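To start, the structure under review is shown below, and the notes come after it.
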Amino acid sequence: MSAKPKIAFFDFTSCEGCQLTVIDALQTHLGLLDLVEIVQFREAMSEKGQNYQIAFVEGSCTRKSDEARLLAIREQASAVVALGACAHLGGVNSMKNRWPIENVQTYVYGQNGKDAYESYPARPISAVIKVDAVIPGCPIDRHEFLRVVQMMLQGRTPRLPDYPLCVECKLRENACLNTLGILCLGPITRAGCEAICPSYGDGCEGCRGWHPEANFDYMREILRGHGLSDHEIDARFTMFNHYQMEQMSGHAPLSEAVAPVTDTSLPTSSFAAPKED
Amino acid sequence: MSLYILSKEKLPAFVEALQAGFRVVGPVRTPTGFAFEEITQADQLQLDYTTTILPPKKYFLPQRETLFKYHTGSNPEGAQSVDVEPVFQDVQPTVIFGMHTCDMSGIMLYDKVFSEGFRDEHYMTRRDKMVIIGIECLHPCDDASFCKDMGTLTAPPIYDLHMTEVDDDYLIDTGSEKGERLLLNYSEAKMATTDHMQRLGRVLSAKWPRFRMRLKMSKDQTPSLLTLGYNAHIWEELGERCLACGSCTNVCPTCFCFDVQDELDINMQDGERVRVWDSCQLHEFALVAGGHNFRESKASRVRHRLMRKGKYIKQVHGLSGCTGCGRCERACLVDITIPGTLNALHDEMKVESGV
Ligand code: SF4
Ligand code: SF4
Ligand code: SF4
Ligand code: SF4
Ligand code: SF4
């Protein structure tokens, strides 16, 4: 075999939980390190090799200056993989897109926030650069990570399941939470996590994004049956997927237009002190 | 064949005795209902269960089954080589306790599907080791059941033993020599008397009125109804509602579609071929190489499922493709049901023909 392919990890706006999952996976599956060489991984090592073929990008693009960094990664890498919901969808970061960015900056960083911290609406990295593969989830599933790496090394294109989470949930023989009074977005969410949340009694929040045939109208009916208002349902639909809902707004899957918002204030903060990082 | 009697209090001893030589599977209580599971203690067995989310088919056709393992390498001359080693997964002596008559009808269909024409050695090898002990349903599981319409209210001839609760006893019919041997070797069952037979007859005739009919037509009419209603309007309505979640097929005791995949190990040399349950309600299912999708719309997929259940399977295998177990109805979050659909079709066709 020729030299091992070099891989590198990068983070943008994220909690680094997905990178931690990668570190976990490397510990449980040592064989992986026989197949690849890691040249950059801030979470795990200090060296910074600039010569890599596969780039794993965690986090969403949330400011103008992220774009140049993303483009540079794309320039170098022969393949870019979005790692986790933030990179794949925009993720929880995109919740802020519900409000004008100035309000968010002031809310989070105080009165000077607008000038001190750069920010704009959160987007998946695919909004800026071409992405070759995606590992969804918040956080990612370590087995899926290993599978995707392996397939890429074999020169195959990793494909995501394009059916809903309910498939995996039924195979685990779970009683359906939606019939037990617990909200679950499984019918519109892309499978692949083995329905981990419903299996532990928590409804799915859609962190893997929607599957291609997501039936929002009847999902809404199911949630109305739980007594949710349309406004509350919209909030559920946009927890991880605000950006997607914005993109789809022509098909009106939300009861209210996602942008621009009419109510421009933010809920009153109980921790009003500006946070400095 | 012959009728035996075993008092209820002697059942745990029968289960325990069987455990010495078999994996014993049966309905157990779960936090929300019942499920078929391996029985480790005799008192877990709940023969008065209602229904389960997945039918016992999961023991006959595992959700994920390795068909063979392969190893790729190069021989001493440097040429590529592939070694293939067949795998027979989950083949072990197993007693399935407490199968309802509808679920036995599902297995009767599987037995035909996997043995006629192309004989599936993986299924058949496993099946040979299975012992089926049925239980007569004396009450419908719930409102979703329509076994009476589908004619599955009595046991089909595939059981090794079949039990009916009669007061404090089980009256046990033997369906095979294997079953009879097990009963005599592992339990204290005795031959039933004429009196027992009369009591059994009374229990069986008393059950009939407890089950309601739900279809507006007889099951023999469903193939022609479906043929004539192929272009009916209801399919579009159902397609709009359907979540394409596949739950209806995953829980169905007569669905047997699977997908075959190759999985390569991390060492990139070894791998295995597996088959996994698949569903015709999913978008990818009908996607063939080249990207053409034979059943692109959800409406056509819902219709396809109904066609299989009410017509195609019957035409190909001579048995009904639906047992009336009601599982798909319980699993569907948008209330798409077999009786509801067939009845709506029936009504639509009646209006069309002006009858
Ligand atoms: S996807 Fe979730 S776990 Fe991963 S970085 Fe984003 S917030 Fe963290
Ligand atoms: S609990 Fe959620 S994922 Fe599971 S079947 Fe119900 S809706 Fe689908
Ligand atoms: S169940 Fe839903 S929220 Fe939970 S990990 Fe899976 S996709 Fe994400
Ligand atoms: S179609 Fe529905 S009612 Fe008929 S056998 Fe399948 S799950 Fe049971
Ligand atoms: S269970 Fe209902 S919603 Fe899901 S695929 Fe079947 S018919 Fe459609």
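The values are calculated or read from the model by the stated rules, or taken from the named source; none is laboratory data. The structure presented is a predicted model; accordingly, all values stated were derived computationally and were not measured. Cβ placement follows ideal geometry from the backbone for every residue including glycine, while neighbour counts extend to all protein chains displayed.
Points to keep in mind about this one:
- Hits in segment B:30-79 - residues which are more than 21 Å from the chain's Cα centre (by Cα) and among the basic types (K, R): B:K69
- Applying the condition of being surrounded by 24 or more Cβ atoms within 10 Å (Cβ to Cβ) and outside any loop (DSSP other than H, G, I, E, B) to segment B:239-263 and asking which residue is farthest from ligand 5 (Cβ to nearest atom) yields B:N250.
- Residues that are within 21 Å of B:G33 (Cβ to Cβ), touching an Asp or Glu at 6+ places or on another chain (Cβ under 6 Å) and more than 16 Å from ligand 4 (Cβ to nearest atom) occur at least once in segment A:165-187.
- Unmet requirement for B:G73, which otherwise passes all of (1) away from chain A (no Cβ under 14 Å); (2) farther than 30 Å from B:C147 by Cβ: (1)
- Test: B:Y4 is farther than 29 Å from A:S199 by Cβ, touching a residue at least 60 places away in the same chain (Cβ under 8 Å) and outside the structural domain of B:K178 (by TED's automatic domain parsing): no
- Restricted to segment A:144-175, and to residues there that are in contact (Cβ under 8 Å) with a residue 12 or more places away in the chain and assigned to a loop (DSSP other than H, G, I, E, B), the residue that is farthest from ligand 2 (Cβ to nearest atom) is A:T157.
- Members of segment B:115-147 found to be of a type outside the set (D, E, K, R) and part of a loop (DSSP other than H, G, I, E, B), listed by number: B:S115, B:G117, B:F118, B:C137, B:L138, B:H139, B:P140, B:C141, B:A144, B:S145, B:F146
- Any hit, segment A:41-49, residues being buried (at least 20 other Cβ atoms within 10 Å of the Cβ) and in the same structural domain as A:R142 (by TED's automatic domain parsing): yes
- Unmet criterion (only one of (1) in contact with a Ser or Thr (Cβ under 6 Å, 6 or more places away or on another chain); (2) farther than 27 Å from B:Q261 by Cβ; (3) within 16 Å of ligand 5 (Cβ to nearest atom)) for A:L177: (1)
- When residues in segment A:176-204 are screened for being touching a strand residue (DSSP E or B) at 6+ places or on another chain (Cβ under 8 Å) and either without any contact (Cβ under 8 Å) to a residue 24 or more places away in the chain or surrounded by fewer than 19 Cβ atoms within 10 Å (Cβ to Cβ) (or both), 1 of them pass.
- Residue within segment A:208-219 that is outside any loop (DSSP other than H, G, I, E, B) and either within 12 Å of ligand 2 (Cβ to nearest atom) or under 15 Å from B:A331 (Cα atoms) (or both) present: yes
- Any chance B:Y186 is crowded, with 22+ Cβ neighbours inside 10 Å, aromatic (F, W, Y) and at negative phi: no
- Here A:C197 fulfils each of the conditions (1) within 15 Å of ligand 5 (Cβ to nearest atom); (2) touching an Asp or Glu at 6+ places or on another chain (Cβ under 8 Å) apart from (1).
- Condition check for A:A195 on (1) closer than 18 Å to B:T249 by Cα; (2) away from chain B (no Cβ under 12 Å); (3) of a type in the set (A, V, I, L, M, F, W, C): one failure, at (2).
- Residue pairs meeting the criteria (Cβ under 7 Å; at least 6 apart or on separate chains; first assigned to a loop (DSSP other than H, G, I, E, B), in segment A:111-138; second more than 16 Å from ligand 2 (Cβ to nearest atom) and of a type in the set (K, R)): A:E118/A:R63; A:E118/A:K64; A:S119/A:R63; A:Y120/A:R63; A:Y120/A:K64; A:A122/A:K96; A:I129/A:R74; A:K130/A:R74
- None of A:R190, A:R208 is within 14 Å of chain B (Cβ to nearest Cβ) and among the basic types (K, R) except A:R190.
- Test set (1) modelled with pLDDT under 95; (2) surrounded by 22 or more Cβ atoms within 10 Å (Cβ to Cβ); (3) within 13 Å of ligand 1 (Cβ to nearest atom) - A:A82 fails condition number: (1)
- Of the criteria (1) among the charged types (D, E, K, R); (2) within 25 Å of B:D103 (Cα to Cα); (3) within 14 Å of chain A (Cβ to nearest Cβ), which one B:R212 fails: (3)
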